[in-house]
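Student: Dropping a structure here in C-alpha cells format, bear with me for questions.
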Amino acid sequence: MAKVMLRESDGVIYFYVAKKDMEETIESIEFDSDEKWGGEVELANGETWWIKPDKKALPKEVNCKKVSD
C-alpha cells in the first residue's frame, strides 16, 4: 500500500505518490460518481491502482494498492 495524494484541476485528476516522486493523471476510473468514487484506476503511464471506493471529495490523501504495471 502507498499513500497517494489525489487532486483535481480543470477536470483532470492527478495521482501523486510522494515516495516515488511520481505524478500521473487518471485516465479511467471504475466508479465515477460523487457518492461512489474509486475502484480500479488506470494512470496515463499504464499502471493500474486500486482506490477504496468512497465519496468524491478532492483533494485528499488515501492508501492505494498497485494492481499492475
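Values in this text are rule-based calculations from the coordinates and carry no lab data. These numbers come from a predicted model, not from an experiment. Cβ atoms come from the backbone with ideal geometry, glycine included; neighbour counts cover every protein chain shown.
Student: Restricting attention to the range 29-69, which trypsin sites (Lys or Arg not before Pro) occupy a DSSP loop and are surrounded by at most 12 other Cβ atoms within 10 Å?
Tutor: LYS55
Student: Here's another thing I want to ask about it. Apply the Karplus curve 6.51 cos²θ - 1.76 cosθ + 1.60, θ = phi - 60°, to the phi angles in the range 48-65 and return the couplings in whole Hz, x for Gly and Pro.
Tutor: 10, 10, 10, 10, 4, x, 7, 5, 7, 9, 9, x, 7, 10, 9, 8, 10, 10
Student: Let me ask something additional. How big is the gap, in Å, between the Cα center of the range 4-21 and the Cα center of the range 47-66?
Tutor: 10 Å
Student: Also, quick follow-up: At most 16 other C-beta atoms within 10 Å and a DSSP loop state: those are the exposed GluC sites (Glu not before Pro) I care about. Give me the longest piece of the chain that has none. Let's see the in-between values first.
Tutor: Working: sites that count: GLU35, GLU47.
The longest such stretch corresponds to 1-34.
Student: Can you list the equivalent-ellipsoid semi-axes of the chain, largest first and in whole Å, using the square root of 5 times each Cα gyration tensor eigenvalue? Could the numbers behind the result be given before it?
Tutor: On the way: eigenvalues 53, 34, 29 Å².
After diagonalising the Cα gyration tensor, the semi-axes are 16, 13, 12 Å.
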